[in-house]
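> Have a look at the structure that comes next, please.
The values are calculated or read from the model by the stated rules, or taken from the named source; none is laboratory data. In this text, all values refer to a predicted model and were calculated from it rather than measured experimentally. Methodologically, a virtual Cβ is constructed for each residue, glycine included, from the backbone with ideal geometry; neighbour enumeration extends over all protein chains shown.
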Amino acid sequence: MTHKLWGARFAAAPSALLHVLNDSFGFDRELFAEDVEGSVAWAKALVPAGVLTASEAETIVNALRAIPDPSAPCSAGFQPAPPSEEFEDVHSYVEAKLYDAVGALAGKLHTGRSRNDQVATDLKLWLVRACREAEALTDELASALKSRAADEAATPMPGFTHSKQAEPVTFGHWCLAYVEMLGRDRARFLDAASRGDECPLGSGALAGTPLAIDRDALAKSLGFARATRNSLDAVSDRDFAAEYLFTAAMLLSHLSRLAEDLIFFSSDEAAYVELPDAMATGSSRMPQKKNPDVLELARGHAGRAIGELTGLLALLKGLPLAYDKDLQLDKEPLFRIRIVLGTVVPALTAIASGLTLNRDRMRAAAESDLLLATAVADALAASGTPFREAHEIVGARLGSIRELAKEHGITVESVLEKKNSKGGTAPARVREAATS
Ligand code: ARG
């Protein structure tokens, strides 16, 4: 018989329609490891609280550790597994398996605990890990870009504003712009992890637990930095979930911009770079095609991630205290995003490391007349002409910009070298930033 967590006050069995809507085991199996961890810690805390003897706790802990992992559905791919009819949620699964193993003793484990503080605890354990994992993946991408920047600190290419050629920059400088963005993303993941590093266990259903539990010691035993401070907030707070989704959406927005740049750089028109073969796709119809599908998918996933964030915020905004079942729907977006990050970020790392540069094309484009116009105006300004007048003069003589540039000894190298103040594209500055 499958053990049920509730039902005594009901005259009719739950309808099949209720199961489809209410059951979450199909996706919250992802929290299995965390649910076992939380239950092990709770069983141990029940000993000093006088609910379990030390040997009962040991029996429960050993049985919990032997429960088979119901195989996390999302680790297999993007599609969540269909809901299981057998268990309502991961907590019911763990408890049912515990009953199978130790009989009636299993019924003592839920003393003073609720699924509300249990699920909040599971999710926080999961999210702290997901944040750290995302930070590490982001760091790998940033390192790949940084090492390319060190090698290409003096490689000229056109810089753009409004998608129009603007002034020369170096390819290394372009790489480091993304390193800056990724640095902020990493800090946000770590920050979210440390803000969410609080243990809700011991908050009960909403009002706290009637047992004498040392919640700080319990929090520490689970590896949390501290215990939450208000039970109503602890069971209903999902800020950390929203923060994870925001941070992921921000990271993916950066990756989408990177993808957008690389799609253009690898286009037949620009041809500044070529994607590694292993990270490009072909066409079923046009034999010559080498397509940037990976980059387009990164861009697409950024859009969907923004949707996941707004979906969760909309879910949260009207919830009365404390726990409401709407909160069960907080999980799938988190599980999906972890898979997206685990797929997209390493794919972009592979592209960043494997990109072939067509330095001649980049240089030729960076040396085009129009890209030198600002430097000519700067040169006139340097010899005393007010910059506004210099701008007018150069603007009126764009047809002879090449001669003007020559007159003033302006080359793409001299233009780059002049941008030598902190944060500028001068090769020396780029080299310094790439190796610091
Ligand atoms: N599956 C539920 C969730 O994910 C667990 C908490 C259930 N609590 C309750 N009061 N029904 O939120």
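> Only one of V344, V294, V340 is in contact with a Lys or Arg (Cβ under 9 Å, 6 or more places away or on another chain) and among the β-branched types (V, I, T). Can you tell me which?
V340
> Do any residues in segment 267-288 that are more than 11 Å from N358 (Cα to Cα) have Cβ atoms under 6 Å from those of residues that are among the hydrophobic types (A, V, I, L, M, F, W, C) and surrounded by 10 or more Cβ atoms within 10 Å (Cβ to Cβ), where the two are at least six apart or on different chains, and which pairs are they?
Partner pairs satisfying both residue conditions: M279/V294; M279/A350; M279/I351.
> Pick from L321, L315, L334, L329: which is outside any helix (DSSP H, G or I) and within 16 Å of the ligand (Cβ to nearest atom)?
None of the other options fit; the residue is L321.
> Of all residues in segment 223-248, which are of a type in the set (G, A, S), closer than 26 Å to R304 by Cβ and crowded, with 22+ Cβ neighbours inside 10 Å?
A241, A248
> Let me ask something else. Name the single residue that is farthest from G354 (Cα to Cα) among those in segment 133-162 being polar (S, T, N, Q) and surrounded by fewer than 18 Cβ atoms within 10 Å (Cβ to Cβ).
Applying the filter and picking the extreme gives T161.
> Given the options R397, R388, R429, name the one that is closer than 24 Å to K146 by Cβ and either surrounded by 13 or more Cβ atoms within 10 Å (Cβ to Cβ) or free of Cβ contacts under 8 Å to residues at least 24 places away in the same chain (or both).
Only one candidate qualifies: R429.
> Looking only at segment 346-377, count how many residues are part of a loop (DSSP other than H, G, I, E, B) and modelled with pLDDT of 95 or more.
2
> (1) within 14 Å of the ligand (Cβ to nearest atom); (2) at pLDDT below 95: which one isn't true of C74, the others all being true?
(1)
> Name the residues in segment 251-273 that are surrounded by fewer than 19 Cβ atoms within 10 Å (Cβ to Cβ) and at negative phi, would you?
Selection gives S253, R257, E260, D261, I263, F264, S267, D268, E269, A270.
> Does L31 satisfy being within 13 Å of the ligand (Cβ to nearest atom), touching a residue at least 60 places away in the same chain (Cβ under 8 Å), within 21 Å of L109 (Cβ to Cβ) and part of a loop (DSSP other than H, G, I, E, B)?
no
> So the check is Cβ under 8 Å with 6+ separation or different chains; which pairs have a first residue in segment 96-120 that's within 14 Å of V36 (Cα to Cα) and within 11 Å of the ligand (Cβ to nearest atom) and a second one that's assigned to a helix (DSSP H, G or I) and at pLDDT below 95?
V119/D28
> When the residues of segment 153-194 are narrowed to those that are among the charged types (D, E, K, R) and within 28 Å of the chain's Cα centre (by Cα), which ends up farthest from K419 (Cα to Cα)?
D191
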